[in-house]
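See structure below.
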Amino acid sequence: MRIGSAKQSYRVDEALFDSTTQQTWFGVLVLMLAAFPFVANDYWLYLACLVSINIASTIGLNILTGYTGLVSLGQAAFMGLGAYTVAILQIRYGTPFLLNLLAGGVVAMIGGIVVGLPSLRVKGLYLAIATIAAGFMTHFLFSHWASLTGGTGGLTVPPATFLGNELDTSFRIYWFVVPITVLMLFGAANLFRTRIGRAFIAIRDRDISAAVLGIPLLRYKLMSFALSSFYAGVAGGMFAYFFRLVTPESFPLIMSIFFLAAVIVGGMGTILGSVLGAVFMTLVPELLKLIVGWLPLGGNATLVLSPVRTIVFGLMIVLFLILEPHGLAEIWRRIRRVFHLWPFRT
Amino acid sequence: MQMKKWITALTAASAMTMAASASAQQEDIVLGGSIPMTGVFAFAGIAIDQGIKDYVKMLNDAGGIKGRKVLYVPEDTAYKVDQSMAAYKKITSQHKVNLYYADSTGFSKTVNPEIERAGSILMTGASFGKEINDPKKYPSQFMVGPDYTEMVSILLNYIAKTKPGAKVALVYSDTEFGRDPVDEARDTAKKLNLNMVAEIVTPPTSVDVSAEVIKLRRAAPDYTIFHGYVLAPIPEFINQAKSLGMKTEFMGTFWSMDHQTVMRMGDNADGFMGVMPYRYYYDTEGKSPMLEKIRQLRPEYQTTGYTQGFLAAMLLTEAAKRTLDAGKPLTGSNMKTALNSISNFDTGGLIGTPISIKGNSIPVGRVYKADMKQKKMVPASDWITLK
């Protein structure tokens, strides 16, 4: 049983890492992340970068949906806004990539505020449908404003450069994608220790009560939309540098559903849930592919097992929702509790 | 004496190492593939996979390429670019890949910087996107047929020859695939003195097309070319147009021209025409020994996707063979040069005319027509090669 974690001040109580064990494990994690590119092959590095980008976007959606209770199916559209902004800035002006990412976030944020305007009037499914409109509008914009966006053919993005080095391989991209995502994770974790984050949670739990408590609903809802889409915009920017190609078809509605699924599977309203959800949604199909590859079936196994793999993945999502509606984060919390309380059970 | 033993042992060891490295040079030629076996293009991906597998097996059974076997390594991509990239990374991490089959235009464009960096891969795939048909921008890629713009040009050439000055309408989907040939089709029509009377754009799998059919009726074209679809909304267009008494001839491009796809359109599709770069499975006209072999191997109908995969494997391995014959290493540029040396090449009848590959495409095709009585696609023109 873990002992010695008595808190003697509010500051210690609110600390992000409230024990030395946590700090040690976080240090180990950072070391592992730093060592990963040197031991992993190109395939795993690619997946690590993809997971990282997906985590960034999932945290954004979790701020909006998990913490503020506003359902959105426009995350892919905001990612698209960020990706196109970054692509255009990089191609036309060659500005530094960090500035481009920031600009991508800001443009997506403006888009988020516009799309978030109906959020005071409509909630739940109605809001979800309203946010789908963002996808249609951005798709139209990307495919028809050809002089700026390259039309349906899209834009080929030159690689980001850092100190004269082109970030054109998964190994190099890893070093800018992962730290940015870690920073965004810390940003989100800290957000919920501030007045703004608390207001989001109050709105989620009962918006009328929040209004009675003096929280201006529209302002905070729009703020939540702005933050969420900023995260999506930055993730979209990283997507643009990672894939080096943005087209109107790069950001379909199914992508928004992917992020919503990641939030739900991971655990709504938890930062860890965003990470676990994005990892699950990105890596489980790949792991299933690996498992299928290991099975000694021979013949045309790829052909036969590909649909089976898709069904298993779908079933896993359904089972999660039935057996663990609080998501993977809750499972993790339970595992931790077992270690904390050991040798006792409850 | 002791020294002599050491020298002998070292000489033997180095000889063995050299022998081992000589045999290592005889390693397999690897053909990787991002293949959509699930998702919206699974119908094509499964056929393509089978076509590649069959050709590779035939080649290996006949001794491979200069004694080297071809190893085909496919991965499912669900027709998603990120999964295709993952498949590419996975396959290239596990094997020394020489040849690659790509599943989409999006992936072909996305992976291009990687292919250029690797410098050791020749790529083809399911894309007929015009953008890929640029040897400068995509020097290590090619396509197994004409690009979409060339397909529409073949149709327009056929129309200009059959009915000079005809009125033509273009119906296309609001996607990269659909918009691909539109601009050049306009110019080609002008050059061929054809009258482009309508351009109608629809969502990719649109169901209600009544407004578009009315537009089409108003334009009263002699020919209507569909592009950017597989099946829907083509049958709906044809059914509504016929019920309105329209006399226009309907045409399609490669992905909507498979026998099974056309037959699913129903009896109203009798006379539906379109461009096809390959002979159909049941086409017995002329000499086609390879098609004969396929028919023996697989007695049931094989789709045009199968032929596309089969031919892709044939051309990729032909490029590898020519490179090895010239005593050059299997680099992307050497294989591309070898591929471009293909002139008047007999595909065993898969394409009904000898082919030459000058750039990134094979601008050859034939207009076929649906004959619903015979339940077959029958030739409506000779093979048309664009200059």
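Do we have A:Ala199 as out of contact with any strand residue (DSSP E or B) (no Cβ under 6 Å at 6 or more places or on another chain), without any contact (Cβ under 8 Å) to a residue 60 or more places away in the chain, surrounded by 21 or more Cβ atoms within 10 Å (Cβ to Cβ) and more than 16 Å from A:Gly112 (Cβ to Cβ) here?
Values: out of contact with any strand residue (DSSP E or B) (no Cβ under 6 Å at 6 or more places or on another chain): yes; without any contact (Cβ under 8 Å) to a residue 60 or more places away in the chain: yes; surrounded by 21 or more Cβ atoms within 10 Å (Cβ to Cβ): yes; more than 16 Å from A:Gly112 (Cβ to Cβ): yes.
In short, yes.
Please determine, by comparing only the residues of region B:163-198 that are assigned to a loop (DSSP other than H, G, I, E, B) and among the charged types (D, E, K, R), which one is farthest from the other protein chains (Cβ to nearest Cβ).
Top of the filtered list is B:Lys163.
If you go through region B:106-143 one residue at a time, how many are within 22 Å of B:Gln308 (Cα to Cα) and among the basic types (Lys, Arg)?
2
Only helices (runs of 4 or more DSSP H) wholly contained in region A:137-213 count here; list those with 3 or more residues that are in contact with a helix residue (DSSP H, G or I) (Cβ under 9 Å, 6 or more places away or on another chain), modelled with pLDDT of 90 or more and within 14 Å of another protein chain (Cβ to nearest Cβ).
Ranges flagged: A:170-191.
Would you check which residues across region A:154-191 are open to solvent by 20 Å² or more (accessible area, probe 1.4 Å) and aromatic (Phe, Trp, Tyr) and list them?
A:Phe162, A:Phe171, A:Trp175, A:Phe186
Among the residues of region A:248-265, count how many are open to solvent by 10 Å² or more (accessible area, probe 1.4 Å) and within 12 Å of chain B (Cβ to nearest Cβ).
Residues meeting the conditions: 7.
Out of A:Thr310, A:Thr282, which single residue is closer than 30 Å to A:His139 by Cα, facing chain B (nearest Cβ under 10 Å) and within 15 Å of the chain's Cα centre (by Cα)?
Being closer than 30 Å to A:His139 by Cα, facing chain B (nearest Cβ under 10 Å) and within 15 Å of the chain's Cα centre (by Cα) holds for just one of A:Thr310, A:Thr282, which is A:Thr282.
Select, from B:Phe345, B:Phe310, the only residue that is farther than 18 Å from B:Met257 by Cβ and among the aromatic types (Phe, Trp, Tyr).
Going through B:Phe345, B:Phe310 in turn, the sole match is B:Phe345.
With the condition kept exactly as written, say whether any residue in region A:260-279 is in a helix (DSSP H, G or I), farther than 28 Å from A:Phe171 by Cβ and of a type in the set (Gly, Ala, Ser).
Among the residues of region A:260-279, at least one is in a helix (DSSP H, G or I), farther than 28 Å from A:Phe171 by Cβ and of a type in the set (Gly, Ala, Ser), which makes the answer yes.
Within the bounds of region B:93-104, is there any residue that is crowded, with 21+ Cβ neighbours inside 10 Å and within 9 Å of chain A (Cβ to nearest Cβ)?
Looking for residues that are crowded, with 21+ Cβ neighbours inside 10 Å and within 9 Å of chain A (Cβ to nearest Cβ), one finds none in region B:93-104, hence no.
Out of the residues in region B:108-129 meeting the condition of being within 17 Å of the chain's Cα centre (by Cα) and facing chain A (nearest Cβ under 9 Å), tell me which one is surrounded by the most Cβ atoms within 10 Å (Cβ to Cβ).
Kept after step one, since they are within 17 Å of the chain's Cα centre (by Cα), are these residues of region B:108-129: B:108-109, B:122-129.
After this cut, where a residue has to be facing chain A (nearest Cβ under 9 Å) as well, the list is B:109, B:129.
On the way: B:Lys109: 26, B:Gly129: 24.
Going through the qualifying residues, I end up with B:Lys109.
Enumerate the pairs (first residue in region A:222-247 and more than 11 Å from chain B (Cβ to nearest Cβ); second residue anywhere and crowded, with 24+ Cβ neighbours inside 10 Å and assigned to a strand (DSSP E or B)) with beta-carbon separation below 7 Å, excluding pairs fewer than 6 apart on the same chain, so at least 6 apart or on different chains.
If the second residue must be crowded, with 24+ Cβ neighbours inside 10 Å and assigned to a strand (DSSP E or B), the pairs left are A:Ala240/A:Val246; A:Tyr241/A:Ala160.
So if I check each of A:Ala48, A:Ala76, which one is touching a residue at least 60 places away in the same chain (Cβ under 8 Å) and surrounded by fewer than 24 Cβ atoms within 10 Å (Cβ to Cβ)?
A:Ala48
When you go through B:Pro139, B:Pro146 one by one, which is the residue that is touching a Lys or Arg at 6+ places or on another chain (Cβ under 8 Å), touching a residue at least 60 places away in the same chain (Cβ under 8 Å), more than 14 Å from chain A (Cβ to nearest Cβ) and not in a helix (DSSP H, G or I)?
One residue alone meets the criteria, B:Pro139.
Could you count how many residues in region B:236-263 are touching a residue at least 40 places away in the same chain (Cβ under 8 Å), farther than 17 Å from B:Pro221 by Cβ and over 18 Å from the mean Cα position of the chain (by Cα)?
Matching residues across region B:236-263 total 2.
Collect the residues in region B:78-94 that are of a type outside the set (Asp, Glu) and under 18 Å from A:Leu245 (Cα atoms), keeping them in residue-number order.
Within region B:78-94, B:Tyr79, B:Lys80, B:Val81, B:Gln83, B:Ser84, B:Met85, B:Ala86, B:Ala87, B:Tyr88, B:Lys89 qualify.
Out of contact with any strand residue (DSSP E or B) (no Cβ under 8 Å at 6 or more places or on another chain) and within 14 Å of chain B (Cβ to nearest Cβ): does that describe A:Asn62?
Judged against the criteria, A:Asn62 is not a match.
Would you tally the residues in region B:32-84 being part of a strand (DSSP E or B), more than 10 Å from every other protein chain (Cβ to nearest Cβ) and among the aliphatic types (A, V, I, L, M)?
3
Look at A:Gly66 and say whether it is buried (at least 24 other Cβ atoms within 10 Å of the Cβ) and either under 26 Å from A:Leu272 (Cβ atoms) or touching a Phe, Trp or Tyr at 6+ places or on another chain (Cβ under 8 Å) (or both).
yes
Answer yes if at least one residue in region A:82-89 is under 26 Å from A:Leu260 (Cα atoms), outside any loop (DSSP other than H, G, I, E, B) and within 14 Å of chain B (Cβ to nearest Cβ), and no otherwise.
Yes, the conditions are met somewhere in region A:82-89.
Give me a count of the residues in region A:111-124 that are farther than 16 Å from A:Thr68 by Cβ and either without any contact (Cβ under 8 Å) to a residue 24 or more places away in the chain or open to solvent by 50 Å² or more (accessible area, probe 1.4 Å) (or both).
1
Looking for whichever is within 20 Å of A:Glu249 (Cβ to Cβ) and open to solvent by 30 Å² or more (accessible area, probe 1.4 Å) here; the options are A:Ala146, A:Ala134, A:Ala130, A:Ala108. Which one fits? Write out each step before concluding.
Details: A:Ala134 fails: open to solvent by 30 Å² or more (accessible area, probe 1.4 Å); A:Ala130 fails: within 20 Å of A:Glu249 (Cβ to Cβ); A:Ala108 fails: open to solvent by 30 Å² or more (accessible area, probe 1.4 Å).
Result: A:Ala146 is the single residue among A:Ala146, A:Ala134, A:Ala130, A:Ala108 that is within 20 Å of A:Glu249 (Cβ to Cβ) and open to solvent by 30 Å² or more (accessible area, probe 1.4 Å).
Against the conditions (1) free of Cβ contacts under 8 Å to residues at least 40 places away in the same chain; (2) open to solvent by less than 20 Å² (accessible area, probe 1.4 Å); (3) not in a helix (DSSP H, G or I), where does A:Thr95 fall short? Just the number, please.
A:Thr95 satisfies every listed condition except (2).
The values are calculated or read from the model by the stated rules, or taken from the named source; none is laboratory data. Because the structure is a prediction, the values reported are computed rather than measured. Glycine gets a Cβ as well: all are built from the backbone with ideal geometry, and neighbour counts include every protein chain shown. Please note that ligands, DNA and RNA were not included when accessible areas were found on the heavy atoms of the full protein model with its side chains. Shrake-Rupley method; radii C 1.70, N 1.55, O 1.52, S 1.80 Å.
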